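The values are calculated or read from the model by the stated rules, or taken from the named source; none is laboratory data. What you are looking at is a predicted structure, and each value in this text was computed from that prediction instead of being measured. In this analysis, Cβ positions are derived from the backbone assuming ideal geometry, glycine residues included, and neighbour counts consider all displayed protein chains. The accessibility values were calculated without ligands, DNA or RNA, using every heavy atom of the protein model including side chains. Shrake-Rupley method; radii C 1.70, N 1.55, O 1.52, S 1.80 Å.
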Amino acid sequence: MYLKAEIDNTITIEKSKFITYIKRVKNEDEYKDFLLKIRKKHYDSSHICSGFVCHNIKRSSDDGEPSGTAGAPILNVLERNSLDEICALVVRYFGGIKLGTGGLTRAYSNSIVEALKKAKFVEEYEYNKYELIISYELGNKIDYFLSSQTVLLSTKYDINITYTFCSNDINIVEKVCEYTKGIKPINIGKQKIEKDATINL
């Protein structure tokens, strides 16, 4: 599951301000670049702790907080919700009241959870991709079927109608043939498609 758009959120706990930034990143270099950008923006902060997940690579940093109280809780929330290609940074401005190790762990976890409540997500699926070229007469018969039973990518009108669509139905060719008097769609490869998704925090 992937983050649809970058988000930020701020919470205050015992006078300390926790500013969370969450962004989709495709590799570790993008994560490091984003961290550098936030460090420059918040050069006067007490800590900038982080978690990063990208396929099989995972990173976390306590950035001066007691070991295991910041980076690990951030990473745990990301992994618990099966998120990938994502980094989360929590900027802390110390408010003068010490939270203790348990309080810090809860604070950093809650910072991520509250930010994720504002987020929108997508799930990526891989489909078989097809092209179908038919006459206008046959197009009238199959148009609704393709619109309702497949992921219709495009419809082009020229001398004939060209449909480009995706489906993982193993019987899709036979079903299309029922509407087209035996004209078969051609498999032209694979297509990845993102669909809106939700997480349960």
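Can Gly103 be described as outside any strand (DSSP E or B), among the small types (Gly, Ala, Ser) and surrounded by 13 or more Cβ atoms within 10 Å (Cβ to Cβ)? Answer is yes for this residue.
When each of Arg80, Arg39, Arg59, Arg106 is tested for being at pLDDT 95 or above and out of contact with any strand residue (DSSP E or B) (no Cβ under 8 Å at 6 or more places or on another chain), the lone residue that passes is Arg106.
Figure legend. Inter-residue proximity from region 141-166: first residues within 14 Å of Cys177 (Cα to Cα), second residues aromatic (Phe, Trp, Tyr) and part of a helix (DSSP H, G or I), beta-carbon distance below 8 Å, spacing 6+ or different chains. Indicated pairs: Lys141/Tyr179; Ile142/Tyr179; Phe145/Tyr179. Would you please name the residue that is most open to solvent (accessible area, probe 1.4 Å), looking only at residues in region 134-177 that are assigned to a strand (DSSP E or B) and among the hydrophobic types (A, V, I, L, M, F, W, C)? Here the residue is Leu153. Every condition in (1) in contact (Cβ under 8 Å) with a residue 24 or more places away in the chain; (2) farther than 24 Å from Lys190 by Cβ; (3) of a type outside the set (D, E, K, R); (4) open to solvent by 40 Å² or more (accessible area, probe 1.4 Å) holds for Ala88 except the one numbered (4).
Candidates are the residues of region 17-44 that are in a loop (DSSP other than H, G, I, E, B) and open to solvent by less than 60 Å² (accessible area, probe 1.4 Å); the one that is nearest to Tyr93 (Cα to Cα) is His42.
Restricting region 106-129 to residues that are open to solvent by less than 20 Å² (accessible area, probe 1.4 Å) and touching a helix residue (DSSP H, G or I) at 6+ places or on another chain (Cβ under 9 Å), the residue that is nearest to Leu146 (Cα to Cα) is Leu116.
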